[in-house]
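Only one structure is covered here, and it is reproduced in the block below.
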């Protein structure tokens, strides 16, 4: 008797479980997920530019020599460039701020007879050596150029003004670029009759220092005049605002 009752109860439980499982699988019992909607965005680019006085300048000093042989041209160049480097150091440039940026040694050819029909002949060799120096006291630039020229430099160029530590100014420019982006977004939102509710995304911005390049005028009896002017630090950032 008890065995039959227990089996009947067990059968009822199994049937009830199957019914619940079938009901749960019916399509109308499955709850639909809320559709995912794209955020409403106002996307803008923010920009900022800061002009500051430079506190560093890089200058390239070159020496060109000629010789009847490659060795002669190279030895003459070495002697003169050593004098230029010594003059730079004597003027206050540290050894770690002087770096060779170019060296070349090559044959020079000329022509015998009229062209066409003339003959190309070797006339000698030419050696070029260039060093780049970082001048950390901008006001001394003219004096340093004079010292290098007096020591034997035959070419001076690549005068670029910059900043020894640009990071603080770059960070300031990035902050201003973010403010510029927000201002643009608010103007657009107001014109569209909506209200900005937050920031959805800020893309990596960047800040660059635009060095001002100057040409040196080497004068015989006066210090070379160098005007530093200003350098510009530019920053840009991409921002998406929700509304």
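A short reminder: the numbers here are calculations on the coordinates, not readings from a lab. Because the structure is a prediction, the values reported are computed rather than measured. Quick reminder, even Gly has a Cβ in these numbers, built from the backbone with ideal geometry, and neighbours come from all protein chains shown.
General observations
- Full extension of the chain between residue 99 and residue 51 gives 14.5 nm of extra length, using 0.36 nm per residue less the Cα-Cα distance.
- The relative contact order of region 56-162, computed from alpha carbon pairs under 8 Å that lie at least 6 residues apart in sequence, is 48 percent.
- Shape category assigned to region 38-120 from the gyration tensor of Cα positions, a/c cut at 1.5: oblate
- Which of 37, 169 has the fewest Cβ neighbours within 10 Å, and the rest in rising order: 37, 169
- Estimated distance in nm for a label pair at residue 89 and residue 38, the labels positioned 7 Å out from Cα along Cα-to-Cβ: 6.5 nm
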